[in-house]
Amino acid sequence: MNAREEAGTDESGTGYPAEWEADVLLSDGSTAHLRPIRAEDEQLLIDFYARVSPESKYLRFFAPYPVLSAKDVVRFTHVDYRDRVALILTVGERMVAVGRYDRLNASDAEVAFLVEDSVQGKGVGQLLLEHLAEAARERGLSRFVAEVLPQNRRMVQVFADAGYTVSREFEDGMILVEFPISPTEQSREVMLRREHRAEATSVRRLLQPRSIAVVGPALLAQRGVETLIAGGFTGEVCVLVTDGGEVSGVPVVGDWGDLPADLDIVATLLPPDQVGRAIVAAAGKAFGLYLIHAGEFGGSQNESLVTLARAHGLRALGPDALGVINTDPAFSLNASPAPMPRAGVVSMFCQSSAVGVILLSRVIDQHIGILSFISSGMYADVTSNDVMHYWIDDEATKVCVLSLDRIGNPRKFTRIVRRLAMTKPVVLFSPGRSERARNQGAASSLHDAPENAIDAMFRQSGVIVTNRRDAMFDIAQILARQPLPAGERLRVVTNSRAMGGHIQRMGERSGLICEPVLLAGDSRPKTYAEVARVALRQPEVDSVMVALVDPFDTVATKTHAALLEVAAEATKPLIGVFADFVELEPQGESRDEMGRLPTFSSYADALQALSAVTAYARWRQGEHGELIDHPSDRRAAKELLAEVLADSPAGRELTGEESARLLAAYGIELVPRTPVRSLGEAIEVAERLGWNVVLKATADGVRGGPDLGTSVFRHLDSAEEMTEAWRDLGQLVTDLGLGEADAEAQLAAAPVVQQMMPPGVPLQIGSAEDASFGPIISLGVAGIASGLLGDLSYRVPPLSTTDAAAMVRDLGAAEILFGGGGTPPADVAAVEELLQRVAQLADDLPQVAALHLAPCIAAQIGVAVLGARITIAPTAEERDELSRSLG
């Protein structure tokens, strides 16, 4: 025990920091709850310590320490949450670990951990260290020190693996460890890797159980068991019947206590009022819980059930989940009401059971093979982010399909989906904008970005988006069955001149370069196959479509069979379109995978799907640029926002001085402007600036609008010029009906004086925290182009060098920045850097609900930011990308 612990400290007035609480994942995928210790945790600590082995106690206290004294218990549970902080990890009603720091001086604190033996090796130490370091930084600490016994190699490794720069010394038989706790790129990567491994492991365990207990009334439980057995599940199955009925074929028990204690999954088929009890009863017996079709709950009820499941160490699907399917023959799991679908390489995720029914019905009807299917339920414990982490690692998953009603942590979503799309295609069904906002229950302080902004976000991330579920399956079957195209050149083999013409025109509108090849009406099936085979070998062809019109099925069925052989060996996409009245035979019951033939009855559907696949291939082949971490003071920015929200809990617009401080933390200089309340003040300020100044209105009702109109008076260099400008501003206010002619009407314009900047292109740069998708960055040329014509480009953070360059070049008025129209070329590199810095700010600070920089004058050298309006709003911590809680 160190001297600081022996001495103890008195409690201060610092309140309990509830914001430090978090649901977390251990490295084995199980859940736990992390929170600050409380004074009433004395018995919890005593019970915890009794379960810790003598060896672990020795490593912690450097001597035999079998029990805690009453004084120890009080000292360890009574902390001040400032100089003495302790965080505990709980699973259900048990404490399983504690980490603490004790301040040594203004900058340093000593850190120590004790972990119950049953959870050692599950990443608990690293989790506690991450959270303790964040708490310490908030309390102004910058370095941790620790004393460790040489034989405690596991603890030394925790410090070494955390990503901090650790120094170690050996002194008096002890290892002395010290390291700065400021986040580094390496520590951030360590945290993200840990998060990835834990979430992927968690989903893997839900998809690959070896033992399942089905719980519910006899009728539903019997159906659940039959579905499991019919699906080929070879693990252990037992049943808990809740209504006293009979179930055949598997062992049956009548009470929760009689279930085996080492289950992987408990699958419940219970009504809503029994779900809470099921969660508590399953704790300690199983890793995960499937709450299958347990009814729809309100958002708060769902969140309460999620909290209950996580608190008891369970990962849960549902309520309102349709279940889980895994067609991998090693597991053959069908824990859903649907028939077992054909095996394949497509993995699917959706939320509500209603959507799950629609998706699985379509999969079965269209004979599309899937590898796995998860319906999590709305507001569920398991999110799309968790599942995407699993897909990244799962080599058997080749195509990823998402149908989302709700996104939990938008920053995590955009980061993970972009990483996933780099290696595997992601197809997303996205409903209309109004649907997204409604399903999100969007907070009034957040914004709803326009459709084109959302589309730009998905294009940037490489996601294939469709607003039709049929199109989603069309795209998925091409991706699953055929290689990606190298380009846009499509060879169309057809027996119909009319259809060939239609395909050519529609294909070109879809971004494809179509070349029809017309075959004779009496061509035989092998002719179509051979022409397709030859086209696939030609370097000037990127994909091939065989489009056959055959109302009497003289050759269609046999041509389809012949093309199956060609598809099996194709190295470019081959697609079949059959316009006839005959339903083609399914391609057998074998695994649906690469080498199968995508078939369509409509050439329009085929072209739309192929165009989307081609665009994805182009994105994946493209240059994605570099992510630059510009120097910033994130801590200073967060402290400023905390100050503002402490004073204005509902949020507000920042003052000019506050805006300048926030921007400066990210290396963005706001050109100073001074408010003035009289002509005399305006002249005084102008003289102090050395003249060549601007007098302008900043009030909403007076500002000259996007073209900066007559409310801005430039190049003022004398008292006479300022007097004339002041008079004209007063007249403008009077004409607008905002002030009296015989009074200081100018004050209604909120006038400011500012140094005149070198000439350049006026730009506006913005960021808005979208209710569904997080921060969205916008760029436009200030004036009519952006204000009236909507010429804006959009991206989401983080912005790579390629993203920033594309934002500039996406503008319809981009030419003006490159010297078009006789204007001098602007410093485009400086514009791109400013975009990256704004994106970094918006990504780091979810409390920035809206940011508008205008005008930003892009001169020949540099960009001057002349105005800023920044609105702050209280925002859920889950919107922070680096939030260490589940989401």
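With a cut-off of 13 Å between beta carbons, the residues surrounding Leu402 carry a summed charge of +1, where Lys and Arg count +1 and Asp and Glu -1. By the count of neighbouring beta-carbon atoms within 10 Å, fewest first, Tyr81, Tyr58, Tyr603 end up ordered Tyr58, Tyr81, Tyr603. Cross-link list Lys412/Lys638; Lys122/Lys285; Lys398/Lys572; Lys122/Lys424: which exceed 21 angstrom alpha carbon to alpha carbon? Check vs 21 Å cut-off fails for Lys122/Lys424. Across the chain, Cα pairs under 8 Å and at least six residues apart give a relative contact order of 8 percent.
Placing +1 on each Lys and Arg Cβ and -1 on each Asp and Glu Cβ, with no other charges, gives the chain a dipole about its Cα centre of roughly 2100 debye.
So what is log10(I(q)/I(0)) for the stretch 482-621 at q = 0.15 1/Å, when the Debye sum runs over its Cα atoms only? These q points yield log10 I(q)/I(0) values of -0.67. What the Kirkwood sum gives for the stretch 314-406 is a hydrodynamic radius of 13.0 Å, with every pair of different alpha carbons counted. With a simple spin-label model that places each label point 7 Å from the Cα along the Cα-to-Cβ direction, the separation between Arg204 and Thr823 comes to 5.4 nm. Between the C-alpha center of the stretch 36-115 and that of the stretch 369-396 there is a gap of 37 Å. Restriction of the GluC sites (Glu not before Pro) in the stretch 552-640 to DSSP coil positions whose beta-carbon has at most 14 other beta-carbons within 10 angstrom yields Glu569, Glu583, Glu589, Glu623, Glu626. Summarising the strand pairing of the chain, around 55 percent of its internal DSSP beta bridges are antiparallel. Helices in the chain, meaning DSSP H runs of at least 4 residues, each add -39500 (n - 2.57). Divided by all residues, the mean residue ellipticity at 222 nm is -11000 deg cm²/dmol.
A DSSP coil position with no more than 13 other Cβ atoms inside 10 Å describes the following GluC sites (Glu not before Pro) in the stretch 201-249: Glu246. Put a plus charge on the Cβ of each Lys and Arg, a minus charge on the Cβ of each Asp and Glu, and nothing anywhere else: the dipole of the stretch 200-478 about its Cα centre is then about 1000 debye.
Each of Arg193 and Ala396 was given a label point 7 Å from its Cα along the Cα-to-Cβ line. The distance between the two points is 2.7 nm. Among the chymotrypsin sites (Phe, Trp or Tyr not before Pro) in the stretch 742-845, none sits in a DSSP loop with a Cβ that has at most 11 other Cβ atoms within 10 Å.
Hull volume per residue, based on the alpha-carbon atoms of the stretch 673-756 and their convex hull, is 76 Å³. Note on Ile364 and Asn452: with the Förster distance fixed at 35 Å, the Cβ-Cβ geometry gives a FRET efficiency of about 0.45.
In percent, rounded to a whole number, the relative contact order of the stretch 18-182 is 19, using alpha-carbon pairs under 8 Å and six or more apart. Comparing Thr414, Pro825, Thr571 along the charge dipole axis of the chain, the residue lying farthest to the positive side is Thr571, per the Cβ-charge model. A compact globular protein would have a Cα radius of gyration near 2.2 N^0.38 Å; the ratio found for the chain is 1.10.
One chain, two ends: Ser304 and Leu176. Fully extended at 0.36 nm per residue, the span grows by 41.7 nm beyond their Cα-Cα distance. One quarter of the surface of the convex hull around the alpha-carbon atoms of the stretch 200-478 equals 13.9 nm², the direction-averaged projected area.
Quick one: check the C-alpha center-to-center distance for the stretch 232-260 versus the stretch 777-851, whole angstrom. Result: 61 Å between the Cα centres.
So what does log10 I(q)/I(0) come out to for the stretch 286-354 at q = 0.20, 0.26 Å⁻¹, using the Debye formula with one equal point on every Cα and no solvent? With one equal scatterer per Cα and no solvent, log10 I(q)/I(0) is -0.89, -1.19. Comparing Phe76, Ser461, Ala697 along the charge dipole axis of the chain, the residue lying farthest to the positive side is Ser461, per the Cβ-charge model. Kirkwood analysis of the stretch 537-611, using all unique Cα-Cα pairs, places the hydrodynamic radius at 13.0 Å. Consider a paramagnetic label point 7 Å from the Cα of Glu815 along Cα→Cβ; state which residues of the stretch 837-879 have an amide N under 16 Å from it. The answer is none, because no backbone nitrogen lies closer than 16 Å to the label point. By the Cα gyration tensor, the stretch 18-182 has an equivalent ellipsoid whose semi-axes, rounded to whole angstrom, run 22, 19, 17 from largest to smallest.
Quick note: the coordinates plus some simple rules give every number you see, no bench work behind them. Computed from a predicted structure; not experimentally measured. Note that each Cβ is placed from the backbone with ideal geometry, even for glycine, and that neighbours are counted across all protein chains shown.
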